[in-house]
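Read the structure below first, then the notes.
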Amino acid sequence: MLDLFALFHLNLAFSSIEEEQRPQVIERCYWPMLRLPDVIGAPIAIEATGYTLEVVDQLDPAWIAELRRLTASGKVEFVGSGYAQIIGPLVPARVNKANLRLGHDVYRRLVGVTPKVALINEQAYSGGLVPLYREAGYDGVLMDWDNVASCHPEWDGELRYHPQRARGSGGSEIGLLWTHTMAFQKLQRFAHGDIELRDYLNFVAGQRGLMPRILPLYSNDAETFDFRPGRFNTEEALTGNEWARIAAAWRTLTHVPGLNFVSPSQALAANGGPHANTLLTLETPDYPIPVKKQPKYNVTRWAVSGRDDLAVNAACHRIYNALVEDNVETPEAWRELCYLWSSDFRTHITDKRWKTYRERLSGIEAQYVPTKPSYATPTLLTDARTDQRWIEIETPALTAVLNRRRGCAIHEIKIAGDNRPPMLGSLLHGHFDKIELQYDWYTGNCVFEAPGLPKIADLDWAATSVTREEATGDVIVACRVSTPLGPIAKNMRFGAASPTVDFDLAFAWKEWGRGSLRLGHFLLNPEAFDCEALSFRTHNGGSDIETFSINGHAIDHGAPVSFLVSAKTGLGLTEGIIDLGDNERRFSVEVDQTVAPLIGLIQSERSGASLFCRLMLSALEMDDTRKPEAAPSGERRFRFRLALHQ
């Protein structure tokens, strides 16, 4: 027995579809899809954001009426997702809660249902999201098998064919139904004429096993059939009658003995025997935010790539902070924020829609944030100028040594009075045995890398001045380093009241092209920690902090996927903070998200008896969505705080 279910994802905010094309999408894609249950004599599932349903209702209310009728009759199961297609692990928990709540409001109003199964937006999952979906009333979620399973070689492959349980943060659990990348791509290839009907039917029949199984026939965009968004030059030409081909194939499947079409809720409730309902932890330290399809699809594409993800995400954070600080609870305000945080504005958005979006974003920000945060550009101070290489810093809270020859990188930093080895600093050439690690490694530096170009860093002689602020006792180090793209100005404030360093960076670069820009590079001193007890903790869209063990894991979030994609994953830092350490000593880094919501990258690997481990903050990554603005972007600011704990 093989149970089959089909889920179509609807998204009229699709990045490369112009607004005037939306009626065409409804006619060519949404109406033929809605006729499928009667044509094939079996149920289907449909998922859409609340925003998409509102747009369809404005353009073609008859379609909404038909969806409501089919849902009431059981021919369609409506699957939820939220008001907007937000990447959950990249936004604060309160925004995710609002998105789920506002989505339900639209679902009840237009479809007449409160869905119990959710498709996680872009299949971008974190354990912190599970309690939020449970709180919103969902019993189960759909998540991609292929990428998750690739990080769990210990899993039995049979698990993919059965409903499971996903373990979330804080001891939460939720039902889990798998989607399969290969299965939905097989249908697309068949519909587009790449493979024959016989090949497609053989693929489906070949998924049967010795015990009952579940196969998701489809779990992707509806807009790919009998319509082409125009995103890629390699898109298949329209063949015509693609929905008819799908209907014919699935009608054939309904007559094959042992194959049975079900709804996602029925599949989730299926009794799958010994391989079903296993409690699984989907995320891993090396892959903390699983995403759908190929490795090029990862959270960096919505966080620090696109046309200018970092700038628009910072604006959204400013609006969010204003709503929270001013106790704004009106649904209209939060609905607008959810819309502005939609994923499609951060990928392949068209020129026309990008212009409209930026105008709308600026207008909403002006409404709720009348005064943007303003920071003076870091400048050299005039007193206490120093020309020596090593700069020693001492306050009542900390001591530090900076390397002026390397852009004032932190050579070591300690809490005042702590005689143990420093937690952070620089490890110079030859410290590690591995040939791949036999370089100089620093803390507090910046590195930009672009394809085919020399690496650009601030590891050069820095024009530097040092002063002590009388009112606070803080020590301020101001330095400036020249680079081929323009100067980098850096202010570091070493705290007197607490062991903290506030970084304020200004990049006066003429252009921001394709590449990766990583900041901070906080390098752990392996002699300062119990390496077997090391962990890092942060929020990835949830209310609960998520903890990941470092021991026994080779981790490299910033490893390139290909020549086109510069990083494979990242950490959302959605409450603005991440900390690392063992059971006794830890340090944290807090990012000013209203200036630039940087994401976190961990790199850790064993080198003989030692451990190489560092935290980086990413301001820019490269992938297929990166499309720099034609005009120079001008100065960019980055602000974050390092704090030592014991």
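The values are calculated or read from the model by the stated rules, or taken from the named source; none is laboratory data. From a predicted model like this one, the values you see are computed outputs, not experimental measurements. Cβ coordinates were reconstructed from backbone atoms using ideal geometry, including for glycine residues, and neighbour counts include every protein chain displayed.
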* **Cβ-Cβ under 7 Å pairs, at least 6 apart or on other chains, the range 311-339 side of a type in the set (Lys, Arg), far side outside any helix (DSSP H, G or I)** => ARG318/VAL369; ARG318/LYS372; ARG318/THR594; ARG335/TYR83
* To do: Out of the residues in the range 112-146 that are among the hydrophobic types (A, V, I, L, M, F, W, C) and more than 24 Å from ALA13 (Cβ to Cβ), state the one that is modelled with the lowest pLDDT.
  => TRP145
* Kindly indicate whether ALA471 is in the same structural domain as PHE563 (by TED's automatic domain parsing) and touching a residue at least 12 places away in the same chain (Cβ under 8 Å). => no
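Yes or no, residue by residue, for (1) over 24 Å from ILE602 (Cβ atoms); (2) out of contact with any strand residue (DSSP E or B) (no Cβ under 7 Å at 6 or more places or on another chain):
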| position | (1), (2) |
| --- | --- |
| ILE413 | no, no |
| GLN438 | no, yes |
| THR443 | no, no |
| PRO451 | no, yes |
| ALA462 | yes, no |
| SER465 | yes, no |
| GLU470 | yes, yes |
| VAL475 | yes, no |
* To do: Report yes if ASP544 is modelled with pLDDT of 95 or more, in a strand (DSSP E or B) and among the acidic types (Asp, Glu), otherwise no.
  => no
* **Residue that is nearest to ILE174 (Cα to Cα) [pool: residues in the range 103-121 that are among the small types (Gly, Ala, Ser) and buried (at least 24 other Cβ atoms within 10 Å of the Cβ)]** => ALA118
* **Lone qualifier among SER562, SER588 - being surrounded by fewer than 23 Cβ atoms within 10 Å (Cβ to Cβ) and in a loop (DSSP other than H, G, I, E, B)** => SER562
* Within the range 294-311, can one find any residue that is of a type in the set (D, E, K, R) and over 30 Å from ILE550 (Cβ atoms)? -> yes
* Structure fact -> Taking the range 8-55 and keeping only residues that are among the acidic types (Asp, Glu) and either surrounded by 19 or more Cβ atoms within 10 Å (Cβ to Cβ) or not assigned by TED's automatic domain parsing to the domain that holds ASN121 (or both), one is left with GLU47
* Odd one out for PRO32, checked against (1) closer than 22 Å to GLN185 by Cα; (2) in contact with a Pro (Cβ under 7 Å, 6 or more places away or on another chain) -> (2)
* To do: From (1) closer than 27 Å to HIS557 by Cα; (2) more than 21 Å from the chain's Cα centre (by Cα); (3) touching a residue at least 12 places away in the same chain (Cβ under 8 Å), pick out the condition that doesn't hold for TYR138.
  => (1)
